[in-house]
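Notes follow the structure.
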Amino acid sequence: MKYLIIALFCVAVFAGVASDEGDFLITADVLFCTEPYPPVTPPDVITYDDGSAYWITWEGQHRGVYFLPDEFYYPHLGCLVEGAEFWFYHHTSYPWDTSQFYSELWEGDLLGPMTNLHSFEVTATHYSAVTDEFPPDIWGIWGFWIIENTELSAGGWPSLLGDNSPNFTGEPRSFSSIDFIIWEPWLSGEASVNMESISKCSWGAIKTLF
């Protein structure tokens, strides 16, 4: 009986690790609209990931992060989203069929994207920052999505990088979707599909170059 309890405990622990929520390495460049003399300088970039790549994923045709500006700076009078940064990884065992994807900005909430504000075809590169600048006249966004749309690919390429830990909110902020209707929280871990792990050490060495 004692060994059965231990075995069940181990299964539960590893099952929890395998299904932890993680975040895609997608960063938003923002400009917060504030009072003339804010007490604290607002951030100019916001992200939910922990800065360390751990997983490569090609899950779903659409992969996106929902950003709630209030979680990064409050109070504010609105937010201008100036651009986005994505990180990709071309694994030799899972070659891309295309490097092209659509970088998209959508207004919306946690239920999903609602209004498309920007879509631009971008070329992904292996293990380096890929940026997209948004139009300069999109003001007053209170909640938004930045999405990698892989409709140009037959298999969800180019593959996006993600971390291996929940974000500071304790709630999912990275999601994937097959049909752009149902958005599922992205789960890191060995139990997930369309994923491969990489070395965190090699990531640290590369990221310091940028």
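The values are calculated or read from the model by the stated rules, or taken from the named source; none is laboratory data. Owing to the predicted nature of the structure, the values given are computational and were not obtained by experimental measurement. Positions of Cβ are backbone-derived with ideal geometry, glycine not excepted, and every protein chain shown enters the neighbour counts. Each accessible area value is taken on the protein alone, full model and side chains, heavy atoms only, with ligands, DNA and RNA left out. Shrake-Rupley method; radii C 1.70, N 1.55, O 1.52, S 1.80 Å.
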A careful count of residues in the stretch 154-163 that are part of a loop (DSSP other than H, G, I, E, B), touching a residue at least 60 places away in the same chain (Cβ under 8 Å) and on the phi < 0 side of the Ramachandran plot gives 5
Taking the stretch 65-86 and keeping only residues that are within 17 Å of GLU133 (Cβ to Cβ) and either at pLDDT below 95 or open to solvent by less than 70 Å² (accessible area, probe 1.4 Å) (or both), one is left with PHE67, CYS79, LEU80, VAL81, GLY83, ALA84, GLU85, PHE86
The strands (runs of 3 or more DSSP E) lying wholly within the stretch 96-146 that contain at least 3 residues that are out of contact with any Asp or Glu (no Cβ under 8 Å at 6 or more places or on another chain) and surrounded by 12 or more Cβ atoms within 10 Å (Cβ to Cβ) are 100-109
